[in-house]
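A.B. asks: If you scroll down you'll find the structure; I have some questions about it.
The values are calculated or read from the model by the stated rules, or taken from the named source; none is laboratory data. Small disclaimer: the values here were computed from a predicted structure and weren't measured. Cβ coordinates were reconstructed from backbone atoms using ideal geometry, including for glycine residues, and neighbour counts include every protein chain displayed. Remember, those area values only see protein heavy atoms, side chains included, never the ligands or the DNA or RNA. Shrake-Rupley method; radii C 1.70, N 1.55, O 1.52, S 1.80 Å.
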Amino acid sequence: MNVFVLTGAGISAESGLGTFRDRGGMWSRFDPARLATPEAFARTPEAVHAFYNLRRRGVREASPNAAHAALADLERGLAARGGGLFLCTQNVDDLHERGGARAVTHMHGELLRARCTACGAGRPWAEDLAVATPCPDCGRRGGMRPDVVWFGERPLHLAAIEAALLSADLFVAIGTSGAVYPAAGFAAQARAAGIRTHEINLAPSDTADAFDAATYGPATRAVPDFAADLLARTG
Ligand code: APR
């Protein structure tokens, strides 16, 4: 069995990393137009660096939770049965990797990577960034940015994501509000292709009616139960 799993901020919520659109969420406290767009970075780079430095430190201090570990178990279990898991995340944290997942597709980039806008070189990056940070490759200052996808920028790996989605037997969305496209359209796309869809979330998402089935509850409980049940049923 081939399973496509899409995760969102909700899977990292119980690791202490905030979500975006829940009550008190990140976008109710910070304005994404002023902190998460290329225009914002051009206009006030230090404010954008300060915002992402705070988030990067939060990711470093966070630990993966039982939901991340359960998806790593599912990845191994499906492979052992001749199938596979395509784990696509909207999250920019590394909790899936630290939770044991071997193949993770980050469609919104990775907070623990940085990229130089002058020479294009990208690399793992766990420290703070500033305007004065020189690019380790070309030496220029002022161009280093978090290697994440900002609003108005094109998500990453879309061709591979689309191919994996349409070759899946089951599509599962975990901890995402269904507010941001193209990810929010994956469930409807899967259903139109005759692929079963399942939503795991704290509460029905904006795209809940695109799902054949749903499990509502905290990810650290719902995801391990779902993964164990799926592996038991695929024998
Ligand atoms: N367990 C399961 N689901 C949870 C939990 C939890 N413990 N806590 C919150 N949720 C659910 C919320 O109910 C909500 O539906 O997770 C979802 C989080 O939604 P958002 O905050 O909108 O996050 P996400 O869907 O990942 O946002 C998508 O928007 O701002 C951009 O780039 C950003 O990748 C992000 C994208």
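A.B. asks: Out of (1) surrounded by fewer than 15 Cβ atoms within 10 Å (Cβ to Cβ); (2) in a helix (DSSP H, G or I); (3) basic (Lys, Arg), the odd one out for residue 55 is which?
C.D. replies: Single failed check for residue 55: (1).
A.B. asks: Would you say residue 200 is open to solvent by less than 40 Å² (accessible area, probe 1.4 Å), among the hydrophobic types (A, V, I, L, M, F, W, C) and free of Cβ contacts under 8 Å to residues at least 60 places away in the same chain?
C.D. replies: Yes.
A.B. asks: Only one of 66, 80, 42 is open to solvent by 40 Å² or more (accessible area, probe 1.4 Å), out of contact with any Leu (no Cβ under 8 Å at 6 or more places or on another chain), within 17 Å of residue 224 (Cα to Cα) and not aromatic (Phe, Trp, Tyr); which?
C.D. replies: Just a single option satisfies the conditions, and that option is 66.
A.B. asks: How many residues does region 83-99 contain that are outside any strand (DSSP E or B), open to solvent by 10 Å² or more (accessible area, probe 1.4 Å) and either among the aromatic types (Phe, Trp, Tyr) or under 23 Å from residue 169 (Cβ atoms) (or both)?
C.D. replies: 2
A.B. asks: Within region 170-187, how many residues turn out to be surrounded by fewer than 16 Cβ atoms within 10 Å (Cβ to Cβ) and more than 8 Å from the ligand (Cβ to nearest atom)?
C.D. replies: Counting residues in region 170-187 that are surrounded by fewer than 16 Cβ atoms within 10 Å (Cβ to Cβ) and more than 8 Å from the ligand (Cβ to nearest atom) gives 3.
A.B. asks: What single numbered condition from (1) closer than 17 Å to residue 57 by Cα; (2) assigned to a loop (DSSP other than H, G, I, E, B); (3) hydrophobic (A, V, I, L, M, F, W, C) fails to hold for residue 114?
C.D. replies: Of (1) closer than 17 Å to residue 57 by Cα; (2) assigned to a loop (DSSP other than H, G, I, E, B); (3) hydrophobic (A, V, I, L, M, F, W, C), only one is false for residue 114: (2).
A.B. asks: Let me ask you something else. Quickly run through region 4-49 and pick out the residues that are more than 7 Å from the ligand (Cβ to nearest atom), under 30 Å from residue 194 (Cβ atoms) and of a type outside the set (S, T, N, Q).
C.D. replies: 4, 5, 6
A.B. asks: Kindly indicate whether any position in region 45-66 is at pLDDT 95 or above, of a type in the set (A, V, I, L, M) and under 21 Å from residue 206 (Cβ atoms).
C.D. replies: No, every residue in region 45-66 fails to be at pLDDT 95 or above, of a type in the set (A, V, I, L, M) and under 21 Å from residue 206 (Cβ atoms).
A.B. asks: Is at least one residue of region 133-143 in contact with a strand residue (DSSP E or B) (Cβ under 9 Å, 6 or more places away or on another chain) and either assigned by TED's automatic domain parsing to the domain that holds residue 222 or among the aliphatic types (A, V, I, L, M) (or both)?
C.D. replies: No: zero hits.
A.B. asks: Please work out which one of (1) charged (D, E, K, R); (2) farther than 17 Å from residue 149 by Cα; (3) open to solvent by 70 Å² or more (accessible area, probe 1.4 Å) is the condition residue 75 fails and give its number.
C.D. replies: (3)
A.B. asks: Can you report the number of residues in region 58-74 which are of a type in the set (S, T, N, Q) and either within 15 Å of the chain's Cα centre (by Cα) or assigned to a helix (DSSP H, G or I) (or both)?
C.D. replies: 1
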